[in-house]
Structures are given as C-alpha cells and as structure tokens.
Amino acid sequence: MVWCSESRARRVFETAVLLRLCVTIGALVLPSLQAADSTINAVVSCPTVPPGGTAQITVTLAAPMSITHGKFHIELDPAVFGDISAVQVFSASGDQQGIAKLQGTQADVVFNALSGGIGLLPNLPVAEITAPVLATVRVGSIGSVTVQATSLWRGEVSGQQYSMAFQSKGVPIGPGLSIQSVVPGGGPVPAGTLVQVNGQGFTSSTMPDASYQ
C-alpha cells in the first residue's frame, strides 16, 4: 500500500473528477456539433427533354452515403411541366418504402430503408420524379425544379442526422430522346427478359446501353 498526504490525495481526487467531467461533457457536446455541422450535398438533374416529352428528374447524392430515413418537398415550374405522375425511391438492397403526396406540380415525399441502402451506390439515385413537359414550351427554355428537405435525413450506422443542400440547374428543353416508362420498371429479372422502353425521339439507330449496371 502507498501512503500520501491528505492535501496530495485531495489534489489527485479533484484532478480525476475534473478529467472525468471533461470527458463526459465532450461526449455530450461532440454529437450535437456533428449533427449541426454535417451537411449532405445532393444534385437534382435531368437530361434535355423535348416539348411534349417526359422528364425523369433524379435526386442523387454528390458522394455515396448510407441513408435510412428522409423527407423532401419538390416543386416544378407549372409553366413548363404538367402534373407529377410518379415518384420512386431507390435502395441498393431493394427494401425502400415510402409515401408520396402528389399535388399537381408539387410533391411531399417520405421514405425509409432500414438496410441503409438509400444513397449507397454512386450510380443509383435517391429518388426519381416523373412529369410531362408541356407541348407548348419553347425550345431553349429551362424548367425550374426546387427541392427542399422537410426534416433531417438519418444515416444508418451511427444514427447521425444530416441537413441537406440540393443543387438544381433545372431541366433544359430541346430536341432529344424522352423516355416515358420502362417495363419492367426495376428489380432483378431472368436472363432473356424482354424490356419495353416507351417514349419519343427514337430512331432506327437508337440502341440501349446494355453494359450499364
């Protein structure tokens, strides 16, 4: 047994308590700082769409990240687009679930995937929004698209919550292909399955890229 003076013992005890208090405070403060400072960037994009065609607008994370829950609101320019016809959310594991409330050219979307597969793959968007482009829109126009998160998005492993920043350049209107639908629309299919692509602007030389995974 090692003996020490009462004053020295008091100093050692006070130092230990102080260190323990600092560690506890740090553990409480650090997650809150991360939650406040963590921002995910997402890109809202769409290829050129001809007047009367169908826009398939995608929301893709700028860098892959595992997301389990999220909400967002989207607004399309009513002078360029018709009513939103569909909203799809994608997960690498295929376990995505959600609800989309469609109101003309606006939609509120709530989604989740317990596997954290949303946003995980670089070539797979978080969501795709489908809407027709009005036939009267002038070529060269840009259809504005505004997306805003209506809650913090949550990550898989840590439960970390993220604020969102959406970058959108709008939808350019001009000559080109327009895909209205693909049947079957997703999921694994047996080899040799016939895939039907519906849209406009196709020619005899139009060929799908079968190498895309």
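The values are calculated or read from the model by the stated rules, or taken from the named source; none is laboratory data. This is a predicted model, so every value here is computed, not measured. With ideal geometry, Cβ positions are generated from the backbone for all residues, glycine too; neighbour counts draw on all protein chains shown.
So how many residues does the range 115-155 have that are among the β-branched types (Val, Ile, Thr), within 12 Å of the chain's Cα centre (by Cα) and more than 24 Å from Pro50 (Cα to Cα)? Don't jump to the end; show me each part of the working.
Taking the range 115-155 first, the residues among the β-branched types (Val, Ile, Thr) are 118, 126, 129-130, 133, 136-137, 139, 142, 145-147, 150.
Retained after the next criterion (residues that are within 12 Å of the chain's Cα centre (by Cα)): 118, 126, 129, 147.
Applying the additional criterion that residues be more than 24 Å from Pro50 (Cα to Cα) yields 118, 126.
The total comes to 2.
Restricting attention to the range 164-185, which residues are modelled with pLDDT under 80, buried (at least 16 other Cβ atoms within 10 Å of the Cβ) and assigned to a strand (DSSP E or B)?
Across the range 164-185, the qualifying residues are Ser178, Ile179.
A quick yes/no check of all residues on (1) surrounded by fewer than 21 Cβ atoms within 10 Å (Cβ to Cβ); (2) over 24 Å from Gly199 (Cβ atoms):
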position: Gln56; (1), (2): no, no
position: Leu76; (1), (2): no, no
position: Ala86; (1), (2): yes, no
position: Gly98; (1), (2): yes, yes
position: Thr105; (1), (2): yes, no
position: Asn112; (1), (2): yes, yes
position: Leu121; (1), (2): yes, yes
position: Leu124; (1), (2): yes, no
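Going by the structure shown, is Thr206 surrounded by 10 or more Cβ atoms within 10 Å (Cβ to Cβ), modelled with pLDDT under 95, more than 25 Å from Thr54 (Cβ to Cβ) and not basic (Lys, Arg)?
Values: surrounded by 10 or more Cβ atoms within 10 Å (Cβ to Cβ): yes; modelled with pLDDT under 95: yes; more than 25 Å from Thr54 (Cβ to Cβ): no; not basic (Lys, Arg): yes.
No, not satisfied.
Looking at (1) over 26 Å from Pro188 (Cα atoms); (2) at pLDDT 95 or above, which is the one condition that is false for Gln161?
That leaves (2) as the condition not met.
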